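Below you'll find the structure, written out as structure tokens, and then a few comments.
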Amino acid sequence: KNSLEHRLFNTIALVNGVLNIFGALGAFYLENFEIIFLLNITSGLLMIGMYFISRIKSIYYILFWPFNLTILTYLSAMWFYNGGSVGGNHYYFIPALVIATILLRNHHVWLLYFFYISVTASLYTIEYFHKEYIVSYQSEMDRYLDAGGNYIFVQILTGILIFILSRNLNIERKKSDSLLLNILPESVA
């Protein structure tokens, strides 16, 4: 009974929330694992909370910006606490923008892209002028493990997002085909 965008929001909010909570468990080997653990748990719980609000209240679009701000705040904080541009966290900005674009109901894509580009450019600029704000890795091995793990995880996350989108689009296609077959003869439909 819900729209395609609403179902996508529910699924993406739940998947991201659960993945962030499980991601908290993978930070124990890092020196500053306490803050990374807290960021993952907090953002995961916020996203799961938005999922439940969307399901119970049957709303989703007013949660679009809070959801995106949660993601961007999380990614920005992780930027500073997890190696900056040499860490693996910056890979997540791409699926975050894909998620935001998929969930965008109106046609203000330029505003969304401007917002994401501004946040990313600001992070690179701050890092360039204030390297001391970035918590670096203790060793090259830690950096490779984190960057490699995040790169693989982003590929998995992107695959999950594409699966969710194609599954929901196929459901919508079946609905429209069924409606056409109910209205028109099969040869015309």
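Rounded, prolate or oblate: which fits the stretch 43-120, taking a ≥ b ≥ c as square roots of the Cα gyration tensor eigenvalues, rounded meaning a/c under 1.5, else prolate when a/b beats b/c? The shape class here is oblate. GNM on the chain, alpha-carbon springs under 10 angstrom: the most fluctuating residue among TYR124, TYR81, TYR29 is TYR29.
Nearest 0.05, what FRET efficiency do LEU45 and GLU140 give at R0 = 41 Å with Cβ-Cβ as r? The formula returns an efficiency of 0.80 here.
If a/c stays under 1.5 just call it rounded; otherwise compare a/b with b/c (prolate if a/b is bigger, oblate if not). Do that for the chain, with a ≥ b ≥ c from the square roots of the Cα gyration tensor eigenvalues. Since a/c reaches 1.5 and a/b is larger than b/c, the shape of the chain is classed as prolate.
Across the accessible surface of the chain, with the other protein chains kept in place and a 1.4 Å probe, carbon and sulfur atoms take up 69 percent. The alpha-carbon positions of the stretch 96-189 define a convex hull whose volume is 127 Å³ per residue.
Each Lys and Arg adds +1 at its Cβ and each Asp and Glu adds -1 at its Cβ; summed about the Cα centre, the chain shows a dipole of about 860 debye. Taking the square roots of five times each eigenvalue of the Cα gyration tensor of the stretch 1-40, the equivalent ellipsoid has semi-axes of 31, 7, 5 Å, listed largest first.
Take the chain with all the other protein chains still there, run a 1.4 Å probe, and you get 58 Å² of accessible area per residue. Scanning the chain for long hydrophobic helices, with DSSP H runs required to stretch 18 angstrom or more by C-alpha along their axis and to average at least -0.5 on the Kyte-Doolittle scale, returns 4-24, 33-57, 64-81, 109-129, 140-183.
Would you mind telling me which residue in ARG105, ARG173, ARG143 has the biggest mean-square fluctuation in a Gaussian network model of the chain, where springs connect alpha carbons within a distance under 10 angstrom? Residue with maximal mean-square fluctuation among ARG105, ARG173, ARG143: ARG173.
The values are calculated or read from the model by the stated rules, or taken from the named source; none is laboratory data. None of the values given here were measured: they were computed from a predicted structure. Note that each Cβ is placed from the backbone with ideal geometry, even for glycine, and that neighbours are counted across all protein chains shown. The area values use the complete protein model at the heavy-atom level, side chains included, leaving out ligands, DNA and RNA. Shrake-Rupley method; radii C 1.70, N 1.55, O 1.52, S 1.80 Å.
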